[in-house]
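The values are calculated or read from the model by the stated rules, or taken from the named source; none is laboratory data. Keep in mind it's a predicted model, so treat the numbers as computed, not measured. Heads up, the Cβs are rebuilt from the backbone with ideal geometry, glycines too, and the neighbour counts pull from every protein chain shown.
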Amino acid sequence: MIKTYRKIATISAEQFDGSDKQIKKYGIRPPYPQEIGTITDEEWRPLLPTKEGLMTCHVGDWVATGINGEHWPIADDIFKKTYVEVKEK
C-alpha cells in the first residue's frame with residue numbers, strides 16, 4: 001500500500017548570487033578549466049561539491065546545508081514550493 005509522507009526537517013539555506021564570497025565559501029568551481037575572460041555568463045555553470053559529487057548550481061538557486069555540513073543546490077522554484085522560512089523568536 002502506497003502512503004503519502006512529508007518532510008518536517010529544518011534546513012539552513014542561502015540563495016546563490018554568483019559572488020566571489022559565496023564561490024569561496026562553498027568551494028564552487030567552473031565545470032572545466034577556462035582562462036579568465038573566455039567564458040560568457042550564459043556559458044558559466046558553477047559546480048557545487050556535494051556528497052554525491054559535483055552538481056550544477058545556477059545563480060538564483062539555493063545552497064542548502066545539512067546537519068553534517070554537507071551542501072546541495074535546490075532550484076528556486078522547487079525551494080519556494082518546499083520550504084517556508086522559520087521566524088526567529
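Side notes on the structure shown:
- Note on the stretch 54-85: residues that are within 13 Å of G27 (Cβ to Cβ) and out of contact with any strand residue (DSSP E or B) (no Cβ under 7 Å at 6 or more places or on another chain) amount to 1.
- Considering residues of the stretch 66-83 that are β-branched (V, I, T) and modelled with pLDDT under 90 only, the residue nearest to T10 (Cα to Cα): I67
- Residue ID - nearest to the chain's Cα centre (by Cα), chosen from residues in the stretch 43-89 that are in a loop (DSSP other than H, G, I, E, B) and on the phi > 0 side of the Ramachandran plot: G60
- Every pair of residues 6+ apart whose Cβ atoms lie under 9 Å, when the first sits in the stretch 11-28 and is without any contact (Cβ under 8 Å) to a residue 24 or more places away in the chain while the second is among the aliphatic types (A, V, I, L, M): K25/V63; G27/L48
- Single match in D61, D17 (criterion: at pLDDT 80 or above and either in contact with a Pro (Cβ under 8 Å, 6 or more places away or on another chain) or surrounded by 15 or more Cβ atoms within 10 Å (Cβ to Cβ) (or both)): D61
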